[in-house]
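Below is one structure, written out as structure tokens, with a few remarks after it.
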Amino acid sequence: MPGLDISQLEHRARLAEIHLPIAAAPMSIGTVTCSFGVAGTNGAGTVDVDALIATADEALYRAKRNGRNRIEWTDAVPASAHGGAQSRA
């Protein structure tokens, strides 16, 4: 989500607003849960995209281990001078 700053409570609330209706919607297949793993950057420098995805993936599995149907956050992934596919933040 471009522009999402996970250090800001109002931005976290934005993501929670997406999470709640998904989890609350009745499904004909039974109860559906949605777990989110969220990682962000500090917005400075070059970001190691592989590290960013791996960090979000770790947060997702932590959400599942901690009871599912929840959002788990991580600290900002630092800028990197090397490694993996990189993108300008």
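At-a-glance table
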read-out: Largest to smallest principal axis extent of the C-alpha atoms in the chain, angstrom; value: 48, 24, 20
read-out: Extent along principal axes [Cα atoms of region 23-74; Å; largest to smallest]; value: 46, 19, 15
read-out: For region 32-82, with +1 on Lys and Arg beta carbons and -1 on Asp and Glu, the positive-most of ASN42, TRP73, LEU52 along the dipole; value: TRP73
read-out: Packing-based ranking, highest mean first, of 22-32, 56-66 given that Cβ atoms within 10 Å are counted; value: 56-66, 22-32
read-out: Nearest-20 debye value, region 1-79 charge dipole, Cβ charges on Lys, Arg, Asp, Glu; value: 400
read-out: Average Cα contact separation per residue, region 32-82, under 8 Å, 6 or more apart, as relative contact order %; value: 53
read-out: Segments 5-12, 39-46 sorted - mean Cβ within 10 Å per residue, highest first; value: 39-46, 5-12
read-out: The chain - mean residue ellipticity at 222 nm from DSSP helices (-39,500 (n - 2.57) per run, n ≥ 4, rounded to 500); value: -12500 deg cm²/dmol
read-out: Region 14-28 - phi-based ³J(HN,Hα) in whole Hz, Karplus 6.51/-1.76/1.60, Gly and Pro as x; value: 4, 5, 4, 5, 6, 5, 4, x, 5, 5, 8, 6, x, 10, 6
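Read-outs throughout are calculated quantities, based only on the coordinates presented, and are distinct from any laboratory measurement. Remember, predicted model here, so these are calculated numbers, not experimental data. Glycine also receives a Cβ, built like all others from the backbone with ideal geometry; neighbour counts cover every protein chain displayed.
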